[in-house]
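Please read the structure below before turning to the comments.
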Amino acid sequence: MRTVLLAGAMLSASFASEATEVPTTEFGQLFARTCLQHFQAPQGLREQMQREGAQPLPEAQAEIYLAGKPGVAWSLGGSASNYVLSRGDGGACALFAQRAESTAEQQVFATQVGNAPAPWTATPLDYSKQAPPNAQTHAYAWKRPQEARTLLISLTTTDAEDGGIQALAVMEWAKQE
C-alpha cells in the first residue's frame, strides 16, 4: 500500500511540474490538474472539486458520463467550453469537452502524455480503427518496470459541429487478460 501511495505522489508531482512547462489549452490544463494529477489519489480529486465549488451532477446525468457504472461526475465551466469530469469507482477518469479544436488538443495531448515521467515509459498505440466516424483517437500505454498493470491514456477529438462532445480524454488501468 505504501508503494502505491508513493508512486501516486511521484506521478502527481511529475504531472504537476511538467504540466506548467508546456504550451497548453484549457482542456489540456483541466486534464493535467484533474485526471493526470489525481489519478492514483481519487480523494484528492474529490477534495479539489469541492474546493473549487464544483457540484456533482445528479445521478441520472452522471450515469451518461460514467457509462452506467458507479462513480461521480462534475460539470465544470470554462472560458473556451463546458466540461464534464467523471471519476468511476473502478478508477477511470475522463474529461469531456463540448467544444475543442482537434489539432490543438492532439498536440497538447502528445506533449502531455507522449513522454511519460520516469520511471514510466510511454508507448504510442494505434487506436485509429476504434475512433467513431469523423473522429480521431490517439492513445498511449504507460508502464513501469516490474508493474504488472498498464495505464491507458487516450484522447478522441472531432471537429463536428453537432452540439455533442468534441474532445474526450480518458485515463484508466488496462483490463487484465
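The values are calculated or read from the model by the stated rules, or taken from the named source; none is laboratory data. A quick note: this is a predicted structure, and the numbers were derived from the prediction, not measured. Neighbour counts are summed over all protein chains in view; Cβ atoms, including those assigned to glycine, are modelled from backbone coordinates with ideal geometry.
Listed values, structure above:
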{"item": "Count - residues of the range 90-148 that are at pLDDT below 90 and basic (Lys, Arg)", "result": "1"}
{"item": "Filtered residues of the range 26-68 (kept if loosely packed, with under 13 Cβ neighbours inside 10 Å, within 28 Å of residue 116 (Cβ to Cβ) and touching a strand residue (DSSP E or B) at 6+ places or on another chain (Cβ under 9 Å))", "result": "52, 67"}
{"item": "Residue within the range 26-47 that is among the β-branched types (Val, Ile, Thr), modelled with pLDDT of 50 or more, at negative phi and not in a helix (DSSP H, G or I) present", "result": "no"}
{"item": "Options 88, 77; residue that is over 15 Å from the mean Cα position of the chain (by Cα) and either under 23 Å from residue 46 (Cα atoms) or in contact (Cβ under 8 Å) with a residue 60 or more places away in the chain (or both)", "result": "77"}
{"item": "Residue list for the range 72-92, filter: over 12 Å from residue 49 (Cβ atoms) and either in contact with a Cys (Cβ under 9 Å, 6 or more places away or on another chain) or in a loop (DSSP other than H, G, I, E, B) (or both)", "result": "78, 79, 80, 81, 89, 90, 91, 92"}
{"item": "Count - residues of the range 108-125 that are without any contact (Cβ under 8 Å) to a residue 24 or more places away in the chain and either within 15 Å of residue 157 (Cβ to Cβ) or of a type in the set (A, V, I, L, M, F, W, C) (or both)", "result": "1"}
{"item": "Scope the range 122-154; condition polar (S, T, N, Q), in contact with a strand residue (DSSP E or B) (Cβ under 6 Å, 6 or more places away or on another chain) and farther than 20 Å from residue 94 by Cβ; matching residues", "result": "123"}
{"item": "Residues being crowded, with 16+ Cβ neighbours inside 10 Å and polar (S, T, N, Q) - total across the range 76-105", "result": "3"}
{"item": "Criterion (under 18 Å from residue 35 (Cβ atoms) and in contact with a Gly (Cβ under 7 Å, 6 or more places away or on another chain)) met by exactly one of 66, 151", "result": "66"}
{"item": "Complete set of residues in the range 147-157 that are surrounded by fewer than 20 Cβ atoms within 10 Å (Cβ to Cβ) and either within 18 Å of residue 131 (Cβ to Cβ) or not small (Gly, Ala, Ser) (or both)", "result": "147, 149, 150, 152"}
{"item": "Residue selected from the range 111-134 under the condition among the polar types (S, T, N, Q) and outside any strand (DSSP E or B), by the criterion nearest to residue 39 (Cα to Cα)", "result": "112"}
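Each row is one residue, and each column tells you yes or no for (1) charged (D, E, K, R); (2) more than 16 Å from the chain's Cα centre (by Cα); (3) closer than 25 Å to residue 61 by Cβ.
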{"site": "93", "(1), (2), (3)": "no, no, yes"}
{"site": "96", "(1), (2), (3)": "no, no, yes"}
{"site": "103", "(1), (2), (3)": "no, yes, no"}
{"site": "107", "(1), (2), (3)": "no, no, no"}
{"site": "110", "(1), (2), (3)": "no, no, no"}
{"site": "118", "(1), (2), (3)": "no, yes, no"}
{"site": "123", "(1), (2), (3)": "no, yes, no"}
{"site": "126", "(1), (2), (3)": "yes, yes, no"}
